[in-house]
Amino acid sequence: MVGLYRSRVAGVGSYLPEKILSNKDLEQMVDTNDQWIVERTGIERRHIAAPDQATSDLCLLASQKALEDAKLTPSDIDLIIVGTVSGDRQMPSTACYLQHKLGCSNIMAFDLNAACSGFIYSISIADQFIRTGVYKNILVVGAEVLHRYINYKDRETCILFGDGAGAWVVSRAESTDKNVIASSHMHADGGLSELLTLQGNGSLLSTSETPDENKNFVQMKGREIFKNAVRTMAACCKEAMEHNQVNPDQIDWVVPHQANKRIIEAVADQFKFPMDRMVVYLNETGNTSAATIPIAFDWAVKNGKIQRGQQILLTAFGAGLTSGSVLLRY
């Protein structure tokens, strides 16, 4: 029966690699400077995975923290979903590598590609599995090692992206628990797919094509992405609030995709969310794509900003163009 159960956020965790790539470092690599980057993006530094670190390694460290926070063990997990566009390999899935590293035997595991919306897409799917009674405990991870797909001669993209992982354990709630996921609202507009791409070894490439190394790098049309990011995230916020009949004053925190501080400010302005109720952590991480929301959420929990019982709105946009929102009480 649909809606028989509700789901809750049982545990959260995140991991950022030790190596830092600062704006000052980028000044030595490309025609840019610290002031220019901060003014236009709000980013000061980003974390870079070590040469021997794969995306599944970052997933593992974040997942272990989330399991500890949830007071669960790998044997309690029924399903693993990993949101990523920079998995260990094109196949098999990074979720399968993570399953093995965690020691979760014989459970369902898969990757989800919705780019920067990947984590909230994955949360939405986990919520459905729990609502319908199929599973009790689901590990949802957003993780990227994007720096390996960045052209450090292209200042429009190289200033933005970093590596990291964030994880949630989403579990079946008790019937009396009010701290549950209220709703999720997901969208995509494939007509805008060429605004942000990573062509790589996709089947669109002809085997007779002349090799072009730029196709192995993230390519972005920045102005169009900015405009559509504000439009789609604002629309998804409005949809979540209207569906649940709540107003902005009833939301304790908004955790937006951490792509650009000016995008976050524009979304906040539309709903008169004060910036001190917008979780902003991109100064430290840059854009970690599917990992930004769980990393920022975990940081806000660890720093005492987000607390149990508060109403939280998540919103994201990404290549596709994908977008979505999740309203929950933590």
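Quick note: the coordinates plus some simple rules give every number you see, no bench work behind them. Note that this is a predicted model, so its numbers are computed, not measured. Cβ: placed from backbone, ideal geometry, glycine included. Neighbour counts: every protein chain shown.
Specify, per residue and in Å³, the volume enclosed by the convex hull of the alpha carbon atoms belonging to the stretch 23-114.
Taking only Cα atoms, the stretch 23-114 has a hull volume of 143 Å³ per residue.
Please give every one of the aspartates and glutamates within straight-line cross-link reach of LYS215, meaning a C-alpha to C-alpha distance under 16 Å, and leave out same-chain neighbours fewer than 8 residues apart.
The qualifying aspartates and glutamates are ASP154, GLU156, GLU194.
Rounded if a/c is under 1.5, else prolate if a/b is larger than b/c, else oblate: which is the stretch 167-262, with a ≥ b ≥ c the root eigenvalues of its Cα gyration tensor?
prolate
What dipole magnitude, in Debye to the nearest 20, does the stretch 123-171 give about its Cα centre under +1 on Lys/Arg Cβ and -1 on Asp/Glu Cβ?
Around 120 debye, computed over the stretch 123-171.
Along each principal axis of its Cα atoms, how long is the stretch 100-235 end to end? Whole angstroms, biggest number first, please.
Projected onto its principal axes, the Cα set of the stretch 100-235 covers 58, 38, 27 Å.
Based on alpha-carbon atoms only, what is the radius of gyration of the chain relative to the globular estimate 2.2 N^0.38 Å?
So the Cα radius of gyration is 0.94 times the expected 2.2 N^0.38 Å.
For the stretch 233-304, what are Rg and Dmax over the alpha carbons, in angstrom?
12.0, 34
Over every pair of different alpha-carbon atoms in the stretch 7-172, take the mean of 1/r and invert it; report that Kirkwood radius in Å.
About 16.5 Å for the stretch 7-172.
Give me the percent relative contact order of the stretch 142-278, please, defined on Cα pairs under 8 angstrom at least 6 residues apart.
Worked out over the stretch 142-278, it gives 21 percent.
Taking only DSSP H segments of four or more residues, each worth -39500 (n - 2.57), what value at 222 nm results for the chain once the sum is divided by all its residues, to the nearest 500 deg cm²/dmol?
-9500 deg cm²/dmol
Can you give the Rg and Dmax of the stretch 91-168 based on its C-alpha atoms, in angstrom?
Every Cα atom of the stretch 91-168 included, Rg and Dmax give 15.1, 50 Å.
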